[in-house]
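Each remark here refers to the structure printed beneath this line.
The values are calculated or read from the model by the stated rules, or taken from the named source; none is laboratory data. Computed from a prediction, not measured in an experiment: that's the story for all the values here. No Cβ is skipped: glycine too gets one built from the backbone with ideal geometry, and neighbour counts run over all protein chains shown.
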Amino acid sequence: MLNTALALMALAVLLAWPVPILLAGADWPPRAPGLALALWQSIALAGGISMIGSLLVFGLIPFGATPGSALVALAGHVVAGTLPAGATLAGVMALCLALILCAHLLLNLSATFIRAERQRRRHHTLIGLLSDPLPFDNEGTRVIDHAAPIAYCLPGGTRSATVLSRGLLQLLDADQLRGVVAHERAHLRQQHHVVLLAFKSWHSALRWFPIANRAENAVALLVEMMADDQARQEVDDRTLARAIALVGTAHLAEVSGTQSPRAASGGLDDTSSADLVGPRVSRLLGTVPALGSVGRTLVLAATAGLLLLPVLLIVTT
């Protein structure tokens, strides 16, 4: 099993550094943001499985010839309070690290989702008190009395809402507003907040890990592009790009230190985030074609292969 542990460790290193850097610097993700998002998720999951799996398999070497039999033997030794003859301090530490790392990631994920849910519940209550329904709209759009141009979605199952500010209604024309609303509703339909929270959890669990921050930023841009693609079905690209640019410019012009109501929403950010505006506008105004069938097939194969590889390495040992 030593070879398996080494192979898993090598895969974990590749998925922790060079592979994410290559993907973050690639020029094809804007041509297929959905596929790029799936690949990022595959990298994160496969990296976690490989990292934990390498420690686990290495620690199980004295307990049996295969991971399955070794786990059974480990359980017996734990109950009996004994160790096999070939056990070493390094092996015991590897098992402990695998357990600690797995628990840390899972507990952090749970805590992130619980905190976000509490924030959303509080924000739903505030929105219900401080906003009015958008006239002639029956899809949960609420309007808050705020001068800054704000648009964001607030997930919540049957209580999901799209929140707009009066400043936004005054800034945009009817077509631009329709595009922004379609963008926010796409976030709700496609449950983008779940993906964003997962990567936020990964980043917060591994703050010392620079790739986690890069992955979170890349995923945030990809979900915005996916929502843009849905909004493009409602309005033309130039109208949507102008709406994004107008809201982004107005947002940057706000007085420094002023907090908008969305800041504690627990939902998805609005369309004006400075780091996201430029790439999105350029994409909408450019002539970049969609990723071809060969490229899409390769990305799908890479996504599936990365998920299967660490699992196959473990189960076929």
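General observations
- Pairs where the first residue, in segment 87-98, is under 12 Å from SER54 (Cβ atoms) and part of a helix (DSSP H, G or I) and the second is modelled with pLDDT under 95 and not acidic (Asp, Glu), C-beta under 6 Å, 6+ apart: none
- GLY267 falls short on exactly one of the conditions (1) outside any helix (DSSP H, G or I); (2) at pLDDT below 90; (3) touching an Asp or Glu at 6+ places or on another chain (Cβ under 6 Å), and that condition is (3).
- Verdict on VAL163 being in contact with a Cys (Cβ under 8 Å, 6 or more places away or on another chain), assigned by TED's automatic domain parsing to the domain that holds ASP228 and either under 30 Å from LEU188 (Cβ atoms) or among the acidic types (Asp, Glu) (or both): yes
- Only one of ALA44, ALA70 that is touching a residue at least 60 places away in the same chain (Cβ under 8 Å), closer than 21 Å to ALA304 by Cα, in a helix (DSSP H, G or I) and small (Gly, Ala, Ser): ALA44
- For VAL311, the test of being surrounded by 12 or more Cβ atoms within 10 Å (Cβ to Cβ), modelled with pLDDT of 95 or more, farther than 26 Å from ALA186 by Cα and not assigned by TED's automatic domain parsing to the domain that holds HIS183 is passed.
- Of the residues making up segment 129-155, just one is out of contact with any helix residue (DSSP H, G or I) (no Cβ under 9 Å at 6 or more places or on another chain), outside any strand (DSSP E or B) and at pLDDT 95 or above, namely LEU129.
- Condition check for ASP275: surrounded by fewer than 18 Cβ atoms within 10 Å (Cβ to Cβ), modelled with pLDDT under 95, touching a helix residue (DSSP H, G or I) at 6+ places or on another chain (Cβ under 9 Å) and acidic (Asp, Glu): yes
- Per the listing ALA94, ALA87, the residue uniquely over 30 Å from LEU246 (Cα atoms) and out of contact with any Gly (no Cβ under 7 Å at 6 or more places or on another chain) is ALA87.
- Residue check for LEU11: within 19 Å of the chain's Cα centre (by Cα) and closer than 17 Å to ALA301 by Cβ: no
- Flag if VAL181 is under 20 Å from ASP137 (Cα atoms), over 16 Å from the mean Cα position of the chain (by Cα), assigned to a helix (DSSP H, G or I) and of a type in the set (A, V, I, L, M): yes
- Selected residue [of a type outside the set (Lys, Arg), farther than 18 Å from PRO210 by Cα, out of contact with any strand residue (DSSP E or B) (no Cβ under 9 Å at 6 or more places or on another chain) and free of Cβ contacts under 8 Å to residues at least 40 places away in the same chain] from ALA10, ALA38: ALA10
- Tally, over segment 231-254, of residues that are in a helix (DSSP H, G or I) and surrounded by 17 or more Cβ atoms within 10 Å (Cβ to Cβ): 13
- Residue that is surrounded by the most Cβ atoms within 10 Å (Cβ to Cβ), among those in segment 156-188 that are free of Cβ contacts under 8 Å to residues at least 60 places away in the same chain, among the charged types (D, E, K, R) and in contact with a helix residue (DSSP H, G or I) (Cβ under 9 Å, 6 or more places away or on another chain): ARG185
- Count of residues meeting criterion [surrounded by fewer than 22 Cβ atoms within 10 Å (Cβ to Cβ), aliphatic (A, V, I, L, M) and farther than 19 Å from THR249 by Cα] in segment 133-155: 3
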